[in-house]
1. Tell me which of these residue 126 doesn't satisfy, since it passes every other one: (1) touching a strand residue (DSSP E or B) at 6+ places or on another chain (Cβ under 8 Å); (2) without any contact (Cβ under 8 Å) to a residue 40 or more places away in the chain; (3) not small (Gly, Ala, Ser).
2. Within the stretch 134-177, count every residue that is of a type in the set (A, V, I, L, M) and assigned to a loop (DSSP other than H, G, I, E, B).
3. Between a residue in the stretch 207-228 that is under 15 Å from residue 156 (Cβ atoms) and any residue that is of a type in the set (Phe, Trp, Tyr), which pairs come within a Cβ distance under 8 Å, given they are 6 or more apart or on different chains?
4. Which condition number in (1) at pLDDT below 75; (2) in contact with a helix residue (DSSP H, G or I) (Cβ under 6 Å, 6 or more places away or on another chain) is the one that residue 46 fails?
5. Can residue 97 be described as hydrophobic (A, V, I, L, M, F, W, C), surrounded by 15 or more Cβ atoms within 10 Å (Cβ to Cβ), within 14 Å of the chain's Cα centre (by Cα) and more than 30 Å from residue 309 (Cβ to Cβ)?
6. Report whether or not residue 280 is in the same structural domain as residue 80 (by TED's automatic domain parsing) and assigned to a helix (DSSP H, G or I).
7. Those residues that are in the same structural domain as residue 126 (by TED's automatic domain parsing) and over 9 Å from the mean Cα position of the chain (by Cα), I need them from the stretch 41-85; list them, please.
Amino acid sequence: MTVSSLSMSNSSRTVIQRLQLELAKAEKETGTLRHADVGLTLGGQTAATVSFRSQEASFKSQITSNKAVASNLELVDDSLTSLSKNAEAMKAALGSAIAIKDTKTLGTVIDQAKSSLEQMAGALNISFGGQSLFAGANTGAGVVFDQAGGRAAAKTNFDAFVAAAKAANGGGDVTVAQMNAYLENGALPSQDVDITVGNPFRFSSQTADNANWDANWSNASDTQMTVSIGDNETVTASLSANDTAFRKLASTYSMIASFDLAGLGQEARNAVLNKAVTELQAGIDGVTRIQADVGFRLGRIEAANERLTTRMDTATKSYGSLEDVDPAEVALRVNNLLTQLQATAEVTGRIRSLNILDYL
């Protein structure tokens, strides 16, 4: 091989190596549709793509977090729907008990009240991901609503009231006036003896007074858990079993389930049933109010996610306009490089096959 052919061979080898590197780079871009070396290609603009990608990741993370909050609130809404339906059924049963006034119907409504308390406990003790959804900020409360403890306290209070009332009546039955006083504010004297003085004989205190409610019924916190759903925007992500609506439902169910209704006279029993209807309606109205608020929160989260998605798409397009390559241009470049590589290889092969003996 002459010096001239050797030089040509080395030159061709250099060209082939360069073409192979360019081909590898182009094939990589075909797969990723991004510049093979973003930093080298963009230079000073690389910082902009890093910023856009960081924004995209932040928006995506916030959307994921918001979806988790929305899922929890949807579970809460399902529980509220269950509570509302159960309360409406109880309302109908109470209406029957007031109208029919027989032992069988009374027994049915008592059983339904017991079942309603258990259902209420199931609804308010719901948790997801280890967090109690009706515990307010006390998400690790575990058992939020203790229907057994509350019901036992209600029965103890009622039995003590009945004993005191009968004693005040000389052993006679509890009067409707005494029962109304017990169910309301406990301030009615009976036969010149105020049976409530110095004694906790006021049923409403079992659920309305925070001390009794916290001791016997609820482990929830009044403070709600607030989370961020976007820039300078927050939403309340939990509910509290301490809401008045739930206290009213508990009041209704516990007075029916815990009182010895069969041992009361008809007028006193009707006073209990009528009070239960009033309390229950207040509870139903309260649950409706809470559901409306939950729906409002869900709407805010959905709107926040729509805004975040728009901003995330903008960030994606922004770094894409800098990093992305034209698929058609890359495909054409690959074909051209393959053609050049093939042609160069053929020339190199011919050069290597040259032999001076062929010309002697």
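The values are calculated or read from the model by the stated rules, or taken from the named source; none is laboratory data. Quick caveat: nothing in here was measured; it's all calculated off a predicted structure. For neighbour counting, all protein chains shown are included, and Cβ atoms are generated from backbone atoms with ideal geometry for every residue, glycine included.
1. Unmet condition: (2).
2. Number satisfying all stated conditions: 5.
3. So the pair list comes out as 207/213; 207/217; 217/145.
4. Result: residue 46 fails condition (1) only.
5. no
6. Answer is yes for this residue.
7. Across the stretch 41-85, the qualifying residues are 77, 78, 79, 80, 81, 82, 83, 84, 85.
Results for (1) more than 32 Å from the chain's Cα centre (by Cα); (2) not acidic (Asp, Glu), shown as yes or no for each residue.
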| site | (1), (2) |
| --- | --- |
| 253 | no, yes |
| 256 | yes, yes |
| 271 | yes, yes |
| 286 | no, yes |
| 293 | no, no |
